[in-house]
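Enquirer: Pasting a structure here, questions to come.
The values are calculated or read from the model by the stated rules, or taken from the named source; none is laboratory data. Keep in mind it's a predicted model, so treat the numbers as computed, not measured. Note that we place each Cβ from the backbone using ideal geometry, even for glycine, and neighbour counts take in every protein chain shown. Heads up: the accessible areas ignore ligands, DNA and RNA and are worked out on the full protein's heavy atoms, side chains in. Shrake-Rupley method; radii C 1.70, N 1.55, O 1.52, S 1.80 Å.
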Amino acid sequence: MLKKSTTARYLMEEERKVSKTTSDGNGMPDLVFQCVIHYIHDARDRDAVSRVCRRWWEIDAAARKHVTIALCYTTTPRMLRRRFPNLESLKLKAKPRAAMFNLIPEDWGGYVTAWVEEIARSFRGLKELHFRRMIVRDSDLELLARARGPALQSLKLDKCSGFSTDGLLHIGQSCKNLRTLFLEESSIIEKDGEWLHELALNNNVLETLNFYMTNLEQARFQDLELIARNCRSLVSVKISECELLDLVGFFRAATALQEFGGGSFNEQPGNILFFIISLETMLLGSDETEVWKFWLGVAKSLRRLRIERGADEPGMEDERGLVSHSGLMALAQGCLELQYLAVYVSDITNASLEYFGRYSKNLRDFRLVLLEREGVSDLPLDDGVRALLQGCNKLRRFALYLRPGGLTDVGLGYIGKYSPNVKWMLLGSLGESDAGLLEFSKGCPSLQKLEIRCCCFSEQALAISVLQLRSLRYLWVQGYKASKTPDLLAMARPFWNIELIPERQVLVADPHGAAVSVEDPAHILAYYSLAGPRTDFPDTVVPLEAAVFLNA
């Protein structure tokens, strides 16, 4: 009886406390909502909830711990601080994805300085920071290390440029609680390898170290071994080129290691080399389908797969990335749990795409590029694309890069009609005329980000399509049919920035490695921004006055 009475009094007291708390306009007490908000993790759901009323907006602002900003020019550091003062994790992107393929001028923009200064001043609880495709200076890293070094647990400089190993030295000296240091594919000026030595001396909690594809060649294997001895939770290491035989001590010390990438054999490693040669001989002696059945036999639960294109040097074209329609069909049948697939193919048929629609029901991200190496007889791929999209109704990201004639206007219309949940899309060399793009834009109700390469559409069609794609927040186009009148301004919306990179001459390497000058077609970049037009335009970028057009 006493126990029941005590419980009842407790519940009555809690009810009395709740009833005294401030309530929103719908009668839900703040205390209840503050408890519920922490179970809402999806950023889109949080945004929707925060729009219900002012009080919910305030509670969400105070409770939000992580924010991803898809383009750094859509807001400002001060606006971020006022909206989410208690952030613990921030991911910030800048240059368009095209920058990864050297299609965007290096000085396009995306400087982190203003963001780092605000982080140093205001975000005292920040533990994780991820910069992607941004320009980072050594002074930015020095300020970050000085102001947030002891608290920082994860730093990702992802495909960034502008800094040197001097900046990394400050990180190694001051960020003693760093669990993740990610530098993959960043363009780093290497002065020495002292940054890694300082990291090895000062850190004993590192779990992930990645400087793969950075050309950092002065990192010493002794420092890697010291990191492995000091950091007993080290599970992932990816490095630049290094003699693997020098890493024997590292592998012995890294007892928790689960993932390793990088390194090479410059001397004969005996049995290991024999095993590799034997395996390659076995595979090369089979046809492609048998090679796929061999791998798929041990990969039935595979969820992510990326198959890069082969090397472009003469005589190396067939070394990697040679996937045909039969390989795709075997892949679709064998990997039923596949969620992500990015593949360069040498040949393709409608039937191979239909197989994915039939078997790959869990696909959420599908990316396919058709190489220009040989003739393909089963074009266009309209029916295959329709079958794939109808069957893979969980798709959220979709990229298809073919060649002229690979997809007609009808097929482009299919993409719009059968992509109800896709939020990001890349289309390359697809369609025949403006009619295909206009039909495409009648669908895609969830599309937020659209990228088009080798565009054959007119300015007018692009502008009309943007207005029809109601959810669109970002557009990048390479090449289009320019007009004498400013038809691009017809896509103007409130808070919509439009930028133009005029056609220009760029240097690229020919098949023999010699530099040749080619014409890069004009680019369009348009995006929503609460910050208004940016002010750091280089000479290679021309802003279009959308606000003047709207007010005319």
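Enquirer: For the stretch 427-495, run through the trypsin sites (Lys or Arg not before Pro) and keep only the ones in DSSP coil with at most 13 other Cβ atoms within 10 Å of their Cβ.
Expert: Loop-located and lightly packed - 442, 470, 484.
Enquirer: Could you work out the pair-distance distribution P(r) of the stretch 49-180 from its alpha-carbon pairs, with 5 angstrom bin width and percents rounded to whole numbers?
Expert: Going from the shortest bin to the longest, the percentages are 2, 10, 20, 23, 19, 13, 8, 4, 2, 0.
Enquirer: Continuing with this model, one more query. What GluC sites (Glu not before Pro) does the stretch 420-509 have in DSSP loop regions with at most 16 other beta carbons within 10 Å?
Expert: Taking the stretch 420-509 and a limit of 16 other Cβ atoms within 10 Å, the loop GluC sites (Glu not before Pro) found are 503.
Enquirer: I've got another one for you. Given a 1.4 Å probe and the protein chains all in place, what does the accessible area of residue 242 round to, in Å² to the nearest 10?
Expert: Near enough 30 Å² of accessible area.
Enquirer: May I ask you to list the lysines whose Cα is less than 23 Å away from that of residue 442, ignoring any residue fewer than eight positions away on the same chain?
Expert: 394, 417, 423, 481
Enquirer: Tell me the per residue accessible area of the stretch 118-184 using a 1.4 Å probe; a whole number in Å² is fine.
Expert: 34 Å²
Enquirer: Label 7 Å along Cα→Cβ of residue 246; the stretch 219-239 residues with amide nitrogen under 17 Å?
Expert: 219-228, 238-239
Enquirer: Students often get this wrong: which residues of the stretch 132-167 have the backbone nitrogen under 11 Å from the point 7 angstrom along Cα-to-C-beta of residue 191?
Expert: Once the point is set 7 Å along Cα→Cβ of residue 191, 138-139, 164-167 turn out to lie under 11 Å by backbone N, inside the stretch 132-167.
Enquirer: At 0.36 nm per residue, and after removing the present C-alpha to C-alpha distance, how many nm does the segment from residue 517 to residue 69 gain when stretched out fully?
Expert: 157.8 nm
Enquirer: Also: Give the Rg (one decimal place) followed by the Dmax (whole number) of the stretch 442-552, computed from C-alpha coordinates and expressed in Å.
Expert: Reported Rg and Dmax, both Å: 15.5, 53.
Enquirer: Note down the nm distance, to one decimal, between modelled labels 7 Å out along Cα→Cβ at residue 232 and at residue 82.
Expert: 4.9 nm
Enquirer: Something else now. Just how much of residue 66 is accessible, in Å², when a 1.4 Å probe is used and the result is rounded to the nearest 10?
Expert: For residue 66, solvent-accessible area is about 90 Å².
Enquirer: Next question, about the same structure. Which of the lysines could a cross-linker span from residue 127 if the Cα-Cα distance has to be under 19 Å and same-chain partners fewer than 8 positions apart are dropped?
Expert: By straight Cα distance, residue 127 reaches 65, 91, 93, 156, 176.
Enquirer: A further question follows. Please arrange 220, 83, 534 by accessible surface area, largest first, computed with a 1.4 Å probe and ligands excluded.
Expert: Accessible-area ranking of 220, 83, 534, largest first: 220, 83, 534.
Enquirer: A further question follows. Sort 187, 429 from largest to smallest accessible area, using a 1.4 Å probe on the heavy atoms of the protein chains.
Expert: 187, 429
Enquirer: Now a separate question. Using all alpha carbons of the stretch 363-471, what is the percent of pairwise distances in each 5 Å bin, ordered from the shortest bin to the longest?
Expert: Each 5 Å bin holds this share of Cα pairs: 2, 13, 25, 28, 20, 9, 3, 0.
Enquirer: In the full protein assembly as shown, how much of residue 108 is accessible to a 1.4 Å probe, in Å² to the nearest 10?
Expert: Result for residue 108: roughly 0 Å² accessible.
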